[in-house]
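**Q** Have a look at this one.
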Number of protein chains: 2
Amino acid sequence: MDLRHLRYFVAVAEEENIGRAAARLHISQPPLTRQIQQLEEELGVTLFTRTPRGMTLTQAGELFLDEARNIRALVEQATERTQRAGQGKLGRIDVAIFGSAILDAIPKLLLAFRNHHPDVKVVLHTMTKAEQIEALRQRRISVGFNRMLAPLEDLETRQVTTEKLLLAVRADHPLARLESIPFAELQHHPLVLFPTGARPSFIDKVIGLCSERGFQPKISQEVGDAVTGVALVAGGFGVCLVPESATTLQFPGVVYAPLSDTPPNFKVDLSCLYRKGDASPILAAFLQTVAEYGKS
Amino acid sequence: MDLRHLRYFVAVAEEENIGRAAARLHISQPPLTRQIQQLEEELGVTLFTRTPRGMTLTQAGELFLDEARNIRALVEQATERTQRAGQGKLGRIDVAIFGSAILDAIPKLLLAFRNHHPDVKVVLHTMTKAEQIEALRQRRISVGFNRMLAPLEDLETRQVTTEKLLLAVRADHPLARLESIPFAELQHHPLVLFPTGARPSFIDKVIGLCSERGFQPKISQEVGDAVTGVALVAGGFGVCLVPESATTLQFPGVVYAPLSDTPPNFKVDLSCLYRKGDASPILAAFLQTVAEYGKS
DNA sequence: CCCACTCAATACCTCCAGGGTATGATCAAA
DNA sequence: TTTGATCATACCCTGGAGGTATTGAGTGGG
């Protein structure tokens, strides 16, 4: 049996006349007669009673008509859904984000993606950079968001946004009283750095910036993420360089101050990471949204 | 797209290897490759990612695998159900019975049919003989049960059972005192006859039997059915000839007495009626049960 | 009562597409 | 580098789907 048989059968059942059905199917009458006979023979069931006025369904034929319509509808639906899946409009994508630093860009980006692709389920996983790389290789996720990504053999990187750096200081800290804080001031104050974990990280960026200006920072404490870092600033552990988006973390007694006289490239990127050669249309759609987000 | 494509696709998806799938399908590898390519092209979707180790499903492919299995199962089920319908094991049959005279044979018969064909819904309709004939011609029913059926052009008759006739009399009636009631006695007592309606009916049978013995019965009352007839007997309207099965009607003060010295053919048939040339397998199965019932 | 009409079924032909064999291209592991 | 595994391509062959012409059967009008 074939889908063709079903199509032909439904046409004959609806027209109750082989000639008309053949016309509707754009074939001639004899082949249609034969197909119906074949179908009946294969099922071993008489589907039509032949009358001099045409063909009428038997009871078994009525039942089979229901089933045939059902099957045809299902096939229709299957192709449609599969096509949407193939265009990245239906399915699921597993996305990794890091600790707590997802404070601004990522929620907006995910919102934009959901608006454009409401039938794609986005599953978020919180992972460190090292975990993201492993999960990508094991195909547990398709994209990861992170900062300070070094180029890798099998993974591709794409920049999402760039943020200026601000200094988190206690409101009662001497630096907080200055009109503007020169970058070089940092050498006199203990710094809270983050995140610990896989290198290179934001820590190295900060140390690099300092050494460009010819000093080594005093490291007060290394912590896992920006939230903890700002908490320690509030606790008097020193000052902390944070990406601009961290200002959404409103901590009582902590202010975010811009620096002046900064080294060039005084900013940090947010990038996303995905497998080289990943042909998933959903990933493509996701990266498309990422690119559009970057433009705005 | 074809059911063949689905079959092939499922095989490849399950084997994750075209060669093995081809072996399982008893075809060679190249045609299978081509069929998969065709399917992908028709859908416009990449269903597999080709690796040097075989084929793995894309996300869209996973989805389509689900759908394909679904469709194939539905096709399987459709053929199976249609075949059962074609064998008269699944479906519905509309059966007409007459007024209240269905006191013994028909319930047993329907029970036997339901036991053999549990998935056939038997729908009962109460109709007079004339209504049955009309309903058969209009295909509203497939079988009717009745008595005294004259041969018809387009309808076939089949005898179900034959019953002896008994006389319903009041217990205090003079005839009830006799050891045996000779048939000729009927000429001296008013008779309740049934049913009214389309001729020939049981009425004509009784009148015929009397005239065979050279007398005309005194007609006390004509009524619609046996139940009413026996009720009138209880009310003193006279006596009434009833088929044996009517004895299941236990009426206070009414007894059923056998007659002696009866004319030949002193009995009445229960027959069923169906369209000539009706090829319905359910009707065939039903008539099969009727035939088996008749034997027992 | 017969003829014309309407359908479905049959006979026979053509041609395309599905299947086969042989071979190529690519990648991984030994 | 070689070998083995896997998918893709090239080319041929045959079965079957579709076409035309015709037959057979049953109905209704003249």
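The values are calculated or read from the model by the stated rules, or taken from the named source; none is laboratory data. For clarity, every value in this text was computed on a predicted model and none was experimentally measured. Glycine also receives a Cβ, built like all others from the backbone with ideal geometry; neighbour counts cover every protein chain displayed. Just the protein is used for accessible areas: all its heavy atoms, side chains included, with ligands, DNA and RNA removed. Shrake-Rupley method; radii C 1.70, N 1.55, O 1.52, S 1.80 Å.
**Q** Residues of the range A:59-75 that become at least 20 Å² less accessible with every protein chain present than in their own chain isolated, using 1.4 Å: which are they?
**A** Buried on complex formation: A:59, A:60, A:63, A:64, A:67, A:71, A:74, A:75.
**Q** Would you kindly calculate the translational diffusion coefficient of the protein assembly as shown, applying Stokes-Einstein with the Kirkwood radius from alpha carbon pairs, for 4 °C and a viscosity of 1.567 mPa s, and quote it in µm² s⁻¹ without decimals?
**A** D, rounded to a whole number, is 39 µm²/s.
**Q** With a 1.4 Å probe and every protein chain kept in, tell me what percent of the accessible surface of the range B:161-268 is carbon plus sulfur.
**A** It is 53 percent, rounded to a whole number.
**Q** Please report, for residue A:236, the nm distances (one decimal) from its label point, 7 Å out from Cα along the beta-carbon direction, to the equivalent points in the remaining copies, shortest first.
**A** 12.2
**Q** Suppose all protein chains stay in the model; what accessible area per residue would a 1.4 Å probe give for chain B, in Å²?
**A** Accessible surface, normalised per residue, equals 48 Å².
**Q** Please go through the range A:190-296 and write out the trypsin sites (Lys or Arg not before Pro) that DSSP classes as loop and that have at most 16 other C-beta atoms within 10 Å.
**A** A:213, A:218, A:276
**Q** Taking a point 7 Å out from Cα toward Cβ as the label site, list the nm distances between residue A:125 and the same residue in every other copy, smallest first.
**A** Label point to label point, same position, other copies: 6.5 nm.
**Q** What is the calculated FRET efficiency for residue B:180 to residue B:159, with r their C-beta to C-beta distance and R₀ = 30 Å, to the nearest 0.05?
**A** That gives a FRET efficiency of 0.55.
**Q** Run the quick spin-label model on residue B:204 and residue A:276: label points 7 Å from Cα toward the beta carbon, then report their separation in nm to one decimal.
**A** Here the modelled spin labels are 9.9 nm apart.
**Q** Can I ask one more? Quick one: give the max-minus-min coordinate of the C-alpha atoms of chain A along each principal axis, largest first, in Å.
**A** Largest first, chain A extends 105, 38, 28 Å along its Cα principal axes.
**Q** Still on this structure, I have one more. If I take every Cα pair under 8 Å that is 6 or more residues apart in the range A:97-253, average their sequence separation and divide by the length, what percent do I get for the relative contact order?
**A** The value is 28 percent.
**Q** Continuing with this model, one more query. Based solely on its DSSP helices, what 222 nm [θ] is calculated for chain A when runs of n ≥ 4 H residues each add -39,500 (n - 2.57) and the sum is averaged over all residues, nearest 500 deg cm²/dmol?
**A** When only DSSP H runs of four or more count, the value is -13000 deg cm²/dmol.
**Q** Defining a contact as two alpha carbons under 8 Å apart and six or more residues distant in sequence, what relative contact order in percent does the range B:3-86 show?
**A** 29 percent.
**Q** Once Rh is set to the Kirkwood radius over Cα pairs, what Stokes-Einstein translational diffusion coefficient, in µm²/s, holds for the range B:96-199 at a temperature of 20 °C and a viscosity of 1.002 mPa s?
**A** Reported coefficient: 127 µm²/s.
**Q** Indicate, rounded to the nearest 5 percent, the antiparallel portion of the DSSP beta bridges found entirely in chain B.
**A** Percentage antiparallel, nearest 5: 60.
**Q** Given a Förster radius of 60 Å and the C-beta distance between residue B:76 and residue B:171 as r, what FRET efficiency does 1/(1 + (r/R0)^6) yield to the nearest 0.05?
**A** 0.35
**Q** What is the distance, in nm, between label points placed 7 Å from the Cα along the Cα-to-Cβ direction at residue A:251 and at residue B:137?
**A** Distance between label points: 9.7 nm.
**Q** Also, quick follow-up: What are the trypsin sites (Lys or Arg not before Pro) within the range B:6-61 that DSSP puts in a loop, where the Cβ has at most 15 other Cβ atoms within 10 Å?
**A** B:53
**Q** Taking just the alpha carbons, could you work out the radius of gyration and Dmax for the range B:161-268, both in angstroms?
**A** So, for the range B:161-268, Rg and Dmax equal 12.5, 36 Å respectively.
**Q** Oh, and also: Where does the range B:3-86 land on Rg/Rh, using Cα atoms and the Kirkwood Rh?
**A** We get a ratio of 1.04 for the range B:3-86.
**Q** With chain B treated as a Gaussian network of Cα nodes joined by springs under 10 Å, which of B:273, B:111, B:165 yields the largest mean-square fluctuation?
**A** Maximum among the listed residues: B:111.
**Q** List the pair-distance distribution P(r) of the range A:47-121, using every Cα-Cα distance, as the percent of pairs falling in each 10 Å bin from 0 up to the bin containing the longest distance, rounded to whole percents.
**A** 15, 24, 18, 14, 12, 9, 5, 2
**Q** Leaving out ligands, DNA and RNA, what percent of the accessible area of the range A:3-86 is carbon and sulfur, probe 1.4 Å?
**A** Roughly 45 percent of what the probe reaches on the range A:3-86 is carbon or sulfur.
**Q** How about the range B:210-274: which chymotrypsin sites (Phe, Trp or Tyr not before Pro) there are in a DSSP loop, with at most 15 other Cβ atoms within 10 Å of their Cβ?
**A** For chymotrypsin sites (Phe, Trp or Tyr not before Pro) across the range B:210-274 that sit outside H, G, I, E and B with at most 15 neighbouring Cβ atoms in 10 Å, the list reads B:215, B:266.
**Q** Right, next: Stretch residue B:295-residue B:34 to full length: gain in nm at 0.36 nm per residue minus the Cα-Cα span?
**A** Stretched out fully, the residue B:295 to residue B:34 stretch lengthens by 87.8 nm.
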